[in-house]
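Colleague: My questions all concern the structure below.
The values are calculated or read from the model by the stated rules, or taken from the named source; none is laboratory data. Everything numeric here is computed off the predicted structure, so don't read it as measured data. As a convention, Cβ positions derive from the backbone with ideal geometry for all residues, glycine included, and neighbour counts pool all protein chains shown.
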Amino acid sequence: MPKFTSERVDDLAAKLLIGLSPEENQMVLDEFSIIDENLGKVEDFPNIKKVEPMTHCLDNFTCTLREDKIEASIPIEDALKNCDSVEGREIEVPKVVGGEN
Amino acid sequence: MDKTIEELHELLKTKQITSKELIVESLKKSHEVQEAYNAFVTILEEAEETTITDNLLSGIPFGIKDNYSTKDILSTGSSNTLKDYVPFFNATAVQKLIDAGAVPVNKTVLDEFGMGGTGTTGHTGIVKNPWDPTRMTAGSSAGSACAVAAGVYPYALGSDTGDSIRKPAAYCGIVGYKPTYGMISRYGLFPFASSLDHCGVLTRSVTDAAIVVDTMKGIDEHDMTSWDSSHIHLYENRNKEVKNMKLCYIKELCDIEFYENPTEELKMHLENFKEKLELCKNLGMEVEEVSVNQKLLDTLPSVYVAISCAEATSNMSNLTGIIFGPRGEGKNVTEMMMDHRTKGFSPLIKRRFIIGSYILQKENQERYFKNAGRVRRLLVDTWKKLYESYDAVILPVGSGPAKHLDGSKDILTKDTAALEEHLQIGNFGGFPSITIPDGFINGLPVALNITGNCYEDEKILSIAHALEQAMPYKNQIAKEVR
């Protein structure tokens with residue numbers, strides 16, 4: 001398995017749209033090394049691969065689909081209230097198609 | 001505001017005090033606590049009195065953790081990425097309290113988005129412990145714990161993904177209760193790790209916790225994980241007979257011989273806990289020591305970080321600063337989002353997102369994400385097995401009283417003991433779990449926790465209530481001891 005390196009940390013940070021200082025990069029590696037060591041030990045637990053990973057805490061959880069029904073959506077004014085840059089009833093952003101990027 | 005909800009209700013009903021007087025007192029106290037301990041993001045000066053009804057909560061002030069959406073009130077998650085965010089709706093739990101006539105008077109500081117356990121990572125600064133300002137409150141419900149302990153009001157809302165209600169309650173000498181997963185709707189609560197997130201409350205007594213959660217709970221079509229709890233009446237049934245109930249505690253967590261170089265505080269904490277086990281026996285309960293696989297317990301902190309970081313990475317990808325939040329600078333949308341997230345997130349959050357993202361990479365899922373899920377199941381199955389023989393698991397909270405602020409880093413270290421993190425099992429399994437104060441060490445409060453099987457909230461509250469009645473720590477207000 002490829003090692004979690006400083007370059008890999010920066011690569012993931014870029015994909016997550018997060019900038020990291022060199023100190024923050026090192027802190028990721030330091031914390032992850034403990035997780036790696038601990039979860040590495042799990043590989044040695046007897047029959048661990050036969051255990052179904054738990055993804056939800058209630059055993060009896062059921063996903064029920066509701067009937068489709070038309071409900072009023074929120075007013076556009078409310079939706080835009082927390083946006084810093086608005087033009088009329090739309091969110092304003094730099095040109096995406098045909099722009100610099 | 002140092003009284004219980006029942007006492008305040010009686011005074012309001014008999015017109016010895018008014019809702020307005022309580023609000024004025026609570027706001028005044030809020031400013032004092034803000035000055036001394038930095039517990040609030042927002043103080044709601046315009047809070048208005050409500051009509052006093054038969055509802056026990058009517059007219060009484062309360063606090064709301066700042067990761068609950070509150071209509072027309074700043075709701076930041078204690079993050080710079082949402083420092084100006086004002087929701088246009090109330091979280092269901094908040095709306096239920098408002099409908100009952102309760103009066104929100106402030107929004108409390110948390111560790112950014114609930115992703116910390118120290119009370120030191122909120123965007124408005126460190127929350128100090130009202131018993132000793134050089135110590136932490138723990139987190140993430142730091143401001144709520146501080147304010148309730150300091151007597152600003154009888155209760156404040158919290159949320160709990162690992163131990164974020166129950167640990168700060170312990171450090172601040174109050175009660176912290178997280179009901180069974182989904183009993184309280186999470187609609188409007190900022191998500192951290194959806195399979196672990198619970199709503200709950202911090203109070204100064206078990207009875208107050210029962211009253212508040214009775215009002216907050218209920219099925220909600222906006223939260224598909226909520227369920228119908230109309231048959232559960234916590235306040236009415238908190239006095240159930242506890243005689244002959246069976247409790248167990250975990251040898252590997254409670255026996256001092258399992259710790260290399262234990263501190264004096266740890267020794268005193270565990271001795272105090274053992275004394276409380278004797279108290280349980282005096283109340284007619286059976287108490288037995290059980291043994292749990294130490295290797296499982298040792299992996300607990302890493303399993304929690306792996307699962308919670310992976311879920312958080314996904315949940316918080318919508319924080320871009322484009323449709324809400326402060327707009328970042330840049331020549332194009334990508335640069336704007338990058339600027340917003342880089343400047344907005346604290347180092348702790350960034351670190352956890354990257355670890356979560358790495359864990360979710362296809363080539364890493366088996367070793368990290370799936371193995372963490374497998375250990376989660378083994379731990380939950382272990383606890384479920386215990387519940388076949390015992391009514392509840394009783395354990396000490398943490399390794400002693402509140403830690404010093406200068407030692408807080410919130411970094412997972414190799415010596416992170418399972419004792420510090422075992423409350424996370426309550427989140428892994430969705431178990432109802434309550435922390436109550438059980439004594440003092442060097443003038444600072446310590447606590448024990450009672451965790452039971454899913455849907456058995458009435459039972460664990462009855463055990464906590466009986467024990468609370470037998471100890472002198474009910475409804476205590478923090479007094480600075482140094």
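Colleague: Mind counting the residues in segment B:296-326 that are in contact with a Lys or Arg (Cβ under 8 Å, 6 or more places away or on another chain), facing chain A (nearest Cβ under 8 Å) and of a type in the set (A, V, I, L, M, F, W, C)?
Modeller: Summing the residues that are in contact with a Lys or Arg (Cβ under 8 Å, 6 or more places away or on another chain), facing chain A (nearest Cβ under 8 Å) and of a type in the set (A, V, I, L, M, F, W, C) in segment B:296-326 gives 2.
Colleague: I'd like to check something: does segment A:24-46 contain any residue that is facing another protein chain (nearest Cβ under 7 Å), of a type in the set (D, E, K, R), within 25 Å of the chain's Cα centre (by Cα) and closer than 22 Å to B:Ser314 by Cα?
Modeller: There is at least one residue in segment A:24-46 that is facing another protein chain (nearest Cβ under 7 Å), of a type in the set (D, E, K, R), within 25 Å of the chain's Cα centre (by Cα) and closer than 22 Å to B:Ser314 by Cα.
Colleague: Identify all residues within segment B:380-401 that are within 22 Å of A:Ile34 (Cβ to Cβ) and surrounded by fewer than 24 Cβ atoms within 10 Å (Cβ to Cβ); write none if there are none.
Modeller: B:Ser399, the sole residue that qualifies.
Colleague: Suppose we filter B:Ser389, B:Ser357 for residues that are over 24 Å from the mean Cα position of the chain (by Cα) and facing chain A (nearest Cβ under 7 Å); which single one remains?
Modeller: B:Ser357
Colleague: Assuming B:Gly139 fulfils every condition listed in (1) buried (at least 24 other Cβ atoms within 10 Å of the Cβ); (2) touching a Gly at 6+ places or on another chain (Cβ under 6 Å); (3) modelled with pLDDT of 95 or more; (4) within 14 Å of chain A (Cβ to nearest Cβ) apart from one, which condition is it?
Modeller: (4)
Colleague: On to the next question. Being closer than 24 Å to B:Val206 by Cα and not small (Gly, Ala, Ser) is the filter here, so list the residues in segment B:18-37 that pass it.
Modeller: Scanning segment B:18-37 gives B:Leu22, B:Ile23, B:Glu25, B:Lys29, B:Val33.
Colleague: Going through B:Glu264, B:Glu335 one at a time, which residue ends up being free of Cβ contacts under 8 Å to residues at least 40 places away in the same chain, within 9 Å of another protein chain (Cβ to nearest Cβ) and on the phi < 0 side of the Ramachandran plot? Let's see the steps before the verdict.
Modeller: Numbers: B:Glu264 fails: within 9 Å of another protein chain (Cβ to nearest Cβ).
When all the criteria are applied, what remains is B:Glu335.
Colleague: Additional query: From the set of residues in segment B:338-354 that are surrounded by fewer than 23 Cβ atoms within 10 Å (Cβ to Cβ) and at the interface with chain A (Cβ under 7 Å from one of its Cβ atoms), which is nearest to A:Asp44 (Cα to Cα)?
Modeller: The extreme case among them is B:Pro347.
Here is a yes/no grid of residues against (1) away from every other protein chain (no Cβ under 14 Å); (2) crowded, with 24+ Cβ neighbours inside 10 Å; (3) among the hydroxyl-bearing types (Ser, Thr, Tyr):
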| residue | (1), (2), (3) |
| --- | --- |
| B:Thr70 | no, no, yes |
| B:Ile73 | no, no, no |
| B:Lys107 | yes, yes, no |
| B:Leu110 | yes, yes, no |
| B:Asp132 | yes, no, no |
| B:Ala147 | yes, yes, no |
| B:Pro168 | yes, yes, no |
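Colleague: Is at least one residue of segment B:345-358 among the charged types (D, E, K, R), in contact (Cβ under 8 Å) with a residue 40 or more places away in the chain, closer than 24 Å to A:Ser21 by Cβ and not in a loop (DSSP other than H, G, I, E, B)?
Modeller: Yes, segment B:345-358 contains a residue that is among the charged types (D, E, K, R), in contact (Cβ under 8 Å) with a residue 40 or more places away in the chain, closer than 24 Å to A:Ser21 by Cβ and not in a loop (DSSP other than H, G, I, E, B).
Colleague: Answer yes or no: is there a residue in segment B:453-460 that is in contact with a helix residue (DSSP H, G or I) (Cβ under 7 Å, 6 or more places away or on another chain) and either modelled with pLDDT of 95 or more or aromatic (Phe, Trp, Tyr) (or both).
Modeller: yes
Colleague: Is segment B:45-63 home to any residue that is at pLDDT 95 or above, over 19 Å from B:Thr203 (Cβ atoms) and in contact with a Lys or Arg (Cβ under 7 Å, 6 or more places away or on another chain)?
Modeller: yes
Colleague: How do the pairs read when you match residues in segment A:6-23 that are more than 8 Å from every other protein chain (Cβ to nearest Cβ) with residues anywhere that are crowded, with 17+ Cβ neighbours inside 10 Å and in a loop (DSSP other than H, G, I, E, B), using Cβ under 7 Å and keeping only pairs 6 or more apart or on different chains?
Modeller: If the second residue must be crowded, with 17+ Cβ neighbours inside 10 Å and in a loop (DSSP other than H, G, I, E, B), the pairs left are A:Asp10/A:Leu20.
Colleague: Which of the residues that make up segment A:67-101 are assigned to a loop (DSSP other than H, G, I, E, B) and either within 7 Å of chain B (Cβ to nearest Cβ) or surrounded by 14 or more Cβ atoms within 10 Å (Cβ to Cβ) (or both)?
Modeller: Answer for segment A:67-101, where residues must be assigned to a loop (DSSP other than H, G, I, E, B) and either within 7 Å of chain B (Cβ to nearest Cβ) or surrounded by 14 or more Cβ atoms within 10 Å (Cβ to Cβ) (or both): A:Ile74, A:Lys81, A:Asn82, A:Cys83, A:Asp84, A:Ser85, A:Val93, A:Pro94, A:Val96, A:Gly99, A:Glu100, A:Asn101.
Colleague: Considering only residues of segment A:55-66 that are more than 7 Å from chain B (Cβ to nearest Cβ) and hydroxyl-bearing (Ser, Thr, Tyr), which is nearest to B:Phe369 (Cα to Cα)?
Modeller: If we take residues in segment A:55-66 being more than 7 Å from chain B (Cβ to nearest Cβ) and hydroxyl-bearing (Ser, Thr, Tyr), then A:Thr62 is nearest to B:Phe369 (Cα to Cα).
Colleague: Another question about this same structure. Please pick out the residue among B:Val303, B:Val292 that is at pLDDT 95 or above, part of a helix (DSSP H, G or I) and either closer than 28 Å to A:Lys41 by Cβ or of a type in the set (Ser, Thr, Tyr) (or both).
Modeller: The unique qualifying residue is B:Val303.
Colleague: Sticking with this structure for a sec: When you check B:Glu329 against the structure, is it without any contact (Cβ under 8 Å) to a residue 24 or more places away in the chain, more than 8 Å from every other protein chain (Cβ to nearest Cβ), in a loop (DSSP other than H, G, I, E, B) and not polar (S, T, N, Q), yes or no?
Modeller: For B:Glu329, the condition - without any contact (Cβ under 8 Å) to a residue 24 or more places away in the chain, more than 8 Å from every other protein chain (Cβ to nearest Cβ), in a loop (DSSP other than H, G, I, E, B) and not polar (S, T, N, Q) - is met.
Colleague: What single numbered condition from (1) farther than 19 Å from B:Ala210 by Cβ; (2) of a type outside the set (Val, Ile, Thr); (3) surrounded by 24 or more Cβ atoms within 10 Å (Cβ to Cβ); (4) at pLDDT 95 or above fails to hold for B:Lys83?
Modeller: (3)
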